[in-house]
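First the structure, in the form of structure tokens, and then the observations on it.
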Amino acid sequence: MNKHYDTIVIGSGCGGSAAAALMSSLRHRTLLIEKNKAIGGRAALYEKDGFKLDHGHILARCDKGPHGEVLRLVGCADLMPGFSYSQNWPIRAWLGDRQIDLYPSLRRLFLTGKMGRVGRSIDMKAGEFIALARMAARQTFMSEREIEKFDQVDLKTFLSRYRHNPYFRVFLEGFSVGIFGSPVWEASAGEMIRIFRNVNRDLGAVGYPTNGEGVSAIPKAFIKAARRHGAEIMTGAEVQSIVIENGRATGVMVNGEKIAAERVISNAGIMPTVTRLAGAGHFESSYVRTISNLKYSCSGLSFKFALKKKITDYVWGFEIPFDVQKSYNDMIAGRRPDKFIVMFFASSNIDPGLAPEGCQTISCISGGPVVEPGTFDWSPWMRDIRSQIERMLPGINENIVFCKEDNPDHIAAFNGRFYGDAVGAAQTIDQMGDLRPSMVSPIKNLYHVGADVGWGGMATESATLSAIYLYDHFRRRLSNDHGCVL
Ligand SMILES: Cc1cc2nc3c(=O)[nH]c(=O)nc-3n(C[C@H](O)[C@H](O)[C@H](O)COP(=O)(O)OP(=O)(O)OC[C@H]3O[C@@H](n4cnc5c(N)ncnc54)[C@H](O)[C@@H]3O)c2cc1C
């Protein structure tokens, strides 16, 4: 192994693996160091007994969004996995006391003129439907400059005109928690508009890879692209610290040895990078305070079910309690809500290669408070959520081969994070636009990528996008980094 690199990337989450592909394509001698054996961080794959289960769940716009953009930028579009798109999936939602079935799929319901039936099942009036269609049309054509004006407007205020229908309100409030891990009264309307605009422009194309690798197909494709461009990848090796000399990052320490580099890009999370890996003493105290006070998305409580037979045809489903606000407030305050916001994703219904023949894989997630690992008893939470999943998916309990339960402490440990947050630094009104932490650190030659610094949509997408912004920064030597300053 070379002992001097142009660029060292710490971590192989979507942000880190994208950064390795992009930087190596600029002919930087690049080394990526990942502490786990598996590539992908929160988008890694868990494999056991012939079952392949995701650490996280579905992706955003797949080949059309920033994930595809990275592979196109580095000339490796051929590495793009195939995708299945959500318009073709059967989806079931429980909104308060109503059950809504998009069956056999949204596309089929549209084509056969049956969307009216769905609207009626949640008492939606024609006028409300028209107002929504107008809003969707307006968002689809919004420019980035127009959207920026909404970055510091909360979603609740923005959507107040569309909240007459109680079930639509429940959906939007739950959607905000599901996508951002933040409630509508904190989440940025700008971020929601970006998601809807992009998804609308791609004709609703939210999707999932179909090459037998689950969501890990994305970071793995980035890693393959990085290798094509000559990058070296070290897995199962933890960076102990970032070496800072005379105010500059000059390399990293691994197994007690220094590996030198011109620059270090960390995907290890902004707080662990500043306080643990680099050391708070190298930064101004006001910067350390800002980073230490960052607000995070809610934490993730995750269940990966390996089942001996298929128990549901639905690919995607979620349950959102009628009083989402109370449920969220209870959850974030560390009180178990009467009903949790729970999402399931039956990945093997899309890609049978993820389970042995006749079997099924289902991942479920819910949220919890953001607390320091080891300070909270998650067991009653895991028990309650598991019971709720059993009510949503009858038969799941009787058919378990195994269920891997990951509470936020596991998620934090696996990904080297301070907290077991599901998404990253919250995309809330007080942390968007100019208030978002920058990819460029105050220490010379030290940079950040990942969902803590990224913005511009759903979690994995924002992580990947942060690497594209950094690539632009290096390629064009921009004097500012897209207006994102700390
Ligand atoms: C249960 C769950 C469900 C989710 N569902 C979705 C979803 O449906 N859609 C969606 O878009 N997003 C989802 N997310 C969120 C999404 O997975 C994350 O926001 C995104 O993957 C974060 O990527 P990242 O680049 O910030 O880095 P991470 O994925 O956090 O990766 C960081 C990497 O750095 C490595 N690392 C850390 N410290 C060191 C060190 N010292 N040395 C070497 N390596 C180190 C870690 O091991 C890790 O591999 C979900 C997350 C969870 C947990």
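One residue is enough: does the range 73-87 have a residue meeting the conditions over 19 Å from the mean Cα position of the chain (by Cα) and within 13 Å of residue 233 (Cα to Cα)? Looking through the range 73-87, none of the residues is over 19 Å from the mean Cα position of the chain (by Cα) and within 13 Å of residue 233 (Cα to Cα). Checked against (1) under 22 Å from the mean Cα position of the chain (by Cα); (2) aliphatic (A, V, I, L, M); (3) more than 21 Å from residue 23 (Cα to Cα), residue 265 passes all but condition (3).
Screening residue 455 on (1) more than 16 Å from the ligand (Cβ to nearest atom); (2) buried (at least 22 other Cβ atoms within 10 Å of the Cβ) shows it passes everything except condition (1). Every condition in (1) in contact with a strand residue (DSSP E or B) (Cβ under 8 Å, 6 or more places away or on another chain); (2) surrounded by 19 or more Cβ atoms within 10 Å (Cβ to Cβ) holds for residue 279 except the one numbered (2).
Just to be sure before I move on: is residue 205 at pLDDT below 95 and under 21 Å from the mean Cα position of the chain (by Cα) in the structure I sent? Please lay out each step first, then the result.
Numbers: at pLDDT below 95: yes; under 21 Å from the mean Cα position of the chain (by Cα): yes.
Spelling it out, residue 205 is indeed at pLDDT below 95 and under 21 Å from the mean Cα position of the chain (by Cα).
Of the residues in the range 259-289, how many are more than 10 Å from the ligand (Cβ to nearest atom) and over 21 Å from residue 29 (Cβ atoms)? Steps first, please.
Our first condition is that a residue be more than 10 Å from the ligand (Cβ to nearest atom); within the range 259-289, this holds for 259-265, 271, 274-275, 278-289.
Adding the requirement that they be over 21 Å from residue 29 (Cβ atoms) leaves 271, 274-275, 278-289.
So the count comes out to 15.
Is there a residue in the range 432-440 that is modelled with pLDDT of 90 or more and either within 11 Å of the ligand (Cβ to nearest atom) or assigned by TED's automatic domain parsing to the domain that holds residue 194 (or both)? Among the residues of the range 432-440, not one is modelled with pLDDT of 90 or more and either within 11 Å of the ligand (Cβ to nearest atom) or assigned by TED's automatic domain parsing to the domain that holds residue 194 (or both), which makes the answer no.
Once the range 400-426 is narrowed to residues that are within 11 Å of the ligand (Cβ to nearest atom) and β-branched (Val, Ile, Thr), the residue that is farthest from residue 295 (Cα to Cα) is 411. Residue count for the range 236-258, restricted to those that are more than 13 Å from residue 277 (Cβ to Cβ) and near the ligand (Cβ under 9 Å from one of its atoms): 1. Restricting attention to the range 11-50 and to residues that are touching a Pro at 6+ places or on another chain (Cβ under 7 Å), of a type outside the set (Val, Ile, Thr) and more than 22 Å from residue 474 (Cβ to Cβ), the residue that is nearest to the ligand (Cβ to nearest atom) turns out to be 43.
Please count how many residues of the range 293-308 are polar (S, T, N, Q), surrounded by 14 or more Cβ atoms within 10 Å (Cβ to Cβ) and either within 15 Å of residue 428 (Cβ to Cβ) or out of contact with any strand residue (DSSP E or B) (no Cβ under 7 Å at 6 or more places or on another chain) (or both). Talk me through it step by step, then tell me what you get.
From the range 293-308, those polar (S, T, N, Q) are 293, 297, 299, 302; that's our starting set.
Imposing the further condition that a residue be surrounded by 14 or more Cβ atoms within 10 Å (Cβ to Cβ) reduces the set to 297, 299, 302.
Those left that are additionally either within 15 Å of residue 428 (Cβ to Cβ) or out of contact with any strand residue (DSSP E or B) (no Cβ under 7 Å at 6 or more places or on another chain) (or both): 297.
Number of matching residues: 1.
Selection of the range 415-441 for residues being out of contact with any strand residue (DSSP E or B) (no Cβ under 7 Å at 6 or more places or on another chain) and either of a type outside the set (Gly, Ala, Ser) or part of a strand (DSSP E or B) (or both) yields 415, 417, 418, 423, 430, 434, 435, 436.
The single condition among (1) within 25 Å of residue 366 (Cα to Cα); (2) within 16 Å of the ligand (Cβ to nearest atom) that residue 394 does not meet is (2).
Tell me, which residue of the range 241-250 that is farther than 23 Å from residue 463 by Cα and in contact with a strand residue (DSSP E or B) (Cβ under 8 Å, 6 or more places away or on another chain) is surrounded by the most Cβ atoms within 10 Å (Cβ to Cβ)?
Filtering the range 241-250 for residues farther than 23 Å from residue 463 by Cα gives 243-248, 250.
Filter again for in contact with a strand residue (DSSP E or B) (Cβ under 8 Å, 6 or more places away or on another chain), leaving 243-244, 247-248, 250.
Working: 243: 17, 244: 21, 247: 10, 248: 14, 250: 18.
So the residue we want is 244.
Considering the range 290-304, the residues that are within 16 Å of the ligand (Cβ to nearest atom) and more than 30 Å from residue 168 (Cα to Cα) include one that is nearest to the chain's Cα centre (by Cα), namely 294.
The values are calculated or read from the model by the stated rules, or taken from the named source; none is laboratory data. All values reported here derive from a predicted model rather than from experimental measurement. In this analysis, Cβ positions are derived from the backbone assuming ideal geometry, glycine residues included, and neighbour counts consider all displayed protein chains.
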